[in-house]
1. For the stretch 83-93, which positions are farther than 26 Å from ILE27 by Cα and in a strand (DSSP E or B)?
2. In the stretch 44-53, which residue that is within 26 Å of ARG26 (Cβ to Cβ) and part of a strand (DSSP E or B) is farthest from the chain's Cα centre (by Cα)?
3. Could you tell me whether the stretch 47-65 includes any residue that is modelled with pLDDT of 95 or more, in contact with a Gly (Cβ under 6 Å, 6 or more places away or on another chain) and farther than 18 Å from VAL115 by Cα?
4. Which of the residues that make up the stretch 1-41 are closer than 21 Å to THR90 by Cα, outside any strand (DSSP E or B) and modelled with pLDDT of 95 or more?
5. If I ask for residues that are open to solvent by 60 Å² or more (accessible area, probe 1.4 Å), part of a loop (DSSP other than H, G, I, E, B) and either within 19 Å of GLU6 (Cβ to Cβ) or not hydroxyl-bearing (Ser, Thr, Tyr) (or both), which ones from the stretch 54-82 would you list?
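The values are calculated or read from the model by the stated rules, or taken from the named source; none is laboratory data. The structure presented is a predicted model; accordingly, all values stated were derived computationally and were not measured. Virtual Cβ from ideal backbone geometry, glycine too; neighbours counted across all protein chains shown. Heavy atoms of the whole protein, side chains included, go into the accessibility calculation; ligands, DNA and RNA do not. Shrake-Rupley method; radii C 1.70, N 1.55, O 1.52, S 1.80 Å.
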Amino acid sequence: QVQLVESGGGLVQAGGSLRLTCVASRINFSTYTMAWYRQAPGKRRDLVARITTGGTMNYADSVEGRFTISRDNAKNTVYLQMNNLKPEDTAIYSCNANGPFSTNYYWGQGTQVTVSS
């Protein structure tokens, strides 16, 4: 069974940093585009950052310049380094794996990030 396990969330003051980690199991990790999404209370889930199999990165405008996504294919892991956090970054952050076929689409359980002002 495919698993995506996130960690690294928590409570931080505005201006602080966190690094989220997502470890994937039972997938051919290097063939998957990996992404981080977030969902704040009462809002839809939005894309935060994406990294393709070739290493191309995309970011939401709201996090550009503050967040960095990276991957380590040897460790089946994707990271999200979040710097200069703002209260509006408060949300549940979920890891997503999107593989080469339409059925290869998986979500992690999410990790809570709370930024206090």
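1. Across the stretch 83-93, the qualifying residue is only ALA91.
2. Among those that are within 26 Å of ARG26 (Cβ to Cβ) and part of a strand (DSSP E or B), it is ARG45.
3. Kept after step one, since they are modelled with pLDDT of 95 or more, are these residues of the stretch 47-65: 47-65.
Subsequent filtering for residues that are in contact with a Gly (Cβ under 6 Å, 6 or more places away or on another chain) retains none.
No - not one qualifying residue is present in the stretch 47-65.
4. Of everything in the stretch 1-41, those that are closer than 21 Å to THR90 by Cα, outside any strand (DSSP E or B) and modelled with pLDDT of 95 or more turn out to be GLY8, GLY9, ALA14, GLY15, GLY16, SER17, ALA40.
5. Matches in the stretch 54-82: GLY54, ASP61, GLU64, GLY65.
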